[in-house]
Amino acid sequence: MRSSILKSLKPDIIVEMLDMAVAFENWNKVMERADMLYQCVQCIHEERQEHRTKGLPLPYIHTEHPLIYYHGFSLQMRGVAHQKMGQVDQARACIEQYTELGWMEELDEADMQVVQEFRHRAQVNRYALEIEDGQVQLLEEFVNFLLEHPEEWLTGLKVITEAAVRYRWKIDRVLHMFGDQIQGDGREMDSSNNDDMYHYCYQRALYEQWMGRPQEAVEFILQAIRLAYKLEMDRYFIRCTALLESLREEATGEQIVRYRMMLEEMK
């Protein structure tokens, strides 16, 4: 992309475009937008370096975050896109790139905080990638990591549950370890993690169905339906109702009544 076009773009606008592509699970578009953000940041960085070399004032560009954040975020989103498209080696390479962002010159305290943030993200995402790839030998290590970093439990448990469904792992012991967090957040519908909670509840319903506990599956799918409605994601909602209908005959009468009342409230 021409530098003149890149200079006209604002990193935060590209981030919004990236978020939209992720929401629609359009991974080719995510890759395209991530590359656009990376090139935009490189263009800004090179322009600043040129001004610094010449002793000129640095050009001002308003951004919500330090410039290095957008560099790390572009690599992270590129890695996510590779991961979702089954390109595990490419995803690993992206994670390695944003593990260490300290190579950029003239980093201040705010920049170094971003470097630390992405180093932590890389650790979480490296575990997630390997678990999604079926590396069950890392499961206990990942669980211990989540216990040490409770702010990551929902993201981690979503990954573990999805892998359990895919690879037929029995993870009741793991789920029990996070029982208090699950029950607490399951009642909270104002969380900024609603998307993660939706995916967790949906995958947990599939897990409970596979384990032969249909009524527990219905409880989680009812939570997922409410979250899908809150997120205004029609395809999530359709996916949930299809799963619940497949479990209808094994649901209790009380669960069906709650389901009908929920649908009435959503009209």
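Going residue by residue through the range 235-245, is there one that turns out to be part of a loop (DSSP other than H, G, I, E, B), touching a helix residue (DSSP H, G or I) at 6+ places or on another chain (Cβ under 8 Å), modelled with pLDDT under 95 and in the same structural domain as Asn193 (by TED's automatic domain parsing)? Before you say what the answer is, go through the steps one by one.
First, the residues of the range 235-245 that are part of a loop (DSSP other than H, G, I, E, B): none.
Within the range 235-245, not a single residue is part of a loop (DSSP other than H, G, I, E, B), touching a helix residue (DSSP H, G or I) at 6+ places or on another chain (Cβ under 8 Å), modelled with pLDDT under 95 and in the same structural domain as Asn193 (by TED's automatic domain parsing).
Based on this model, can you work out whether Arg213 counts as free of Cβ contacts under 8 Å to residues at least 24 places away in the same chain and under 24 Å from Gly86 (Cβ atoms)?
It is false that Arg213 is free of Cβ contacts under 8 Å to residues at least 24 places away in the same chain and under 24 Å from Gly86 (Cβ atoms).
Could you name every one of the helices (runs of 4 or more DSSP H) located completely within the range 85-190 that has at least 2 residues being under 27 Å from Leu231 (Cα atoms)?
109-132, 153-167, 179-186
Do you know which residues across the range 224-238 are in contact (Cβ under 8 Å) with a residue 24 or more places away in the chain and surrounded by fewer than 22 Cβ atoms within 10 Å (Cβ to Cβ)? Outline the logic, then answer.
Quick first cut of the range 224-238, residues in contact (Cβ under 8 Å) with a residue 24 or more places away in the chain only: 224-231, 233, 236.
Once the filter is applied, which keeps residues that are in contact (Cβ under 8 Å) with a residue 24 or more places away in the chain and surrounded by fewer than 22 Cβ atoms within 10 Å (Cβ to Cβ), the range 224-238 yields Arg226, Tyr229, Lys230, Leu231, Met233, Tyr236.
With the requirement that a residue be more than 21 Å from Ala91 (Cβ to Cβ) and of a type in the set (S, T, N, Q), what does the range 4-41 give you?
Listed by number, the residues that qualify are Ser4, Ser8.
Condition (residue is in contact with a Pro (Cβ under 8 Å, 6 or more places away or on another chain), part of a helix (DSSP H, G or I) and of a type in the set (Asp, Glu)) applied to the range 207-216: is it met by at least one residue? If you could, list the steps in order and put the result at the bottom.
Of all residues in the range 207-216, those in contact with a Pro (Cβ under 8 Å, 6 or more places away or on another chain) come to 208.
Retained after the next criterion (residues that are part of a helix (DSSP H, G or I)): 208.
Applying the additional criterion that residues be of a type in the set (Asp, Glu) yields 208.
Within the range 207-216 (the criterion being in contact with a Pro (Cβ under 8 Å, 6 or more places away or on another chain), part of a helix (DSSP H, G or I) and of a type in the set (Asp, Glu)), the answer is yes, since at least one residue qualifies.
Quick check on the range 24-51: of everything there that is touching a Pro at 6+ places or on another chain (Cβ under 9 Å) and of a type outside the set (Val, Ile, Thr), which residue is farthest from Pro66 (Cα to Cα)? Break it down stepwise before answering.
Taking the range 24-51 first, the residues touching a Pro at 6+ places or on another chain (Cβ under 9 Å) are 37, 40-41, 44, 47-48, 51.
If we keep only those that are of a type outside the set (Val, Ile, Thr) as well, we get 37, 40, 47-48, 51.
Values: Leu37: 14, Cys40: 14, Glu47: 16, Arg48: 13, His51: 18 Å.
In this case the residue turns out to be His51.
The values are calculated or read from the model by the stated rules, or taken from the named source; none is laboratory data. Every value quoted in this text rests on a predicted model; they were computed, and no experiment measured them. In this analysis, Cβ positions are derived from the backbone assuming ideal geometry, glycine residues included, and neighbour counts consider all displayed protein chains.
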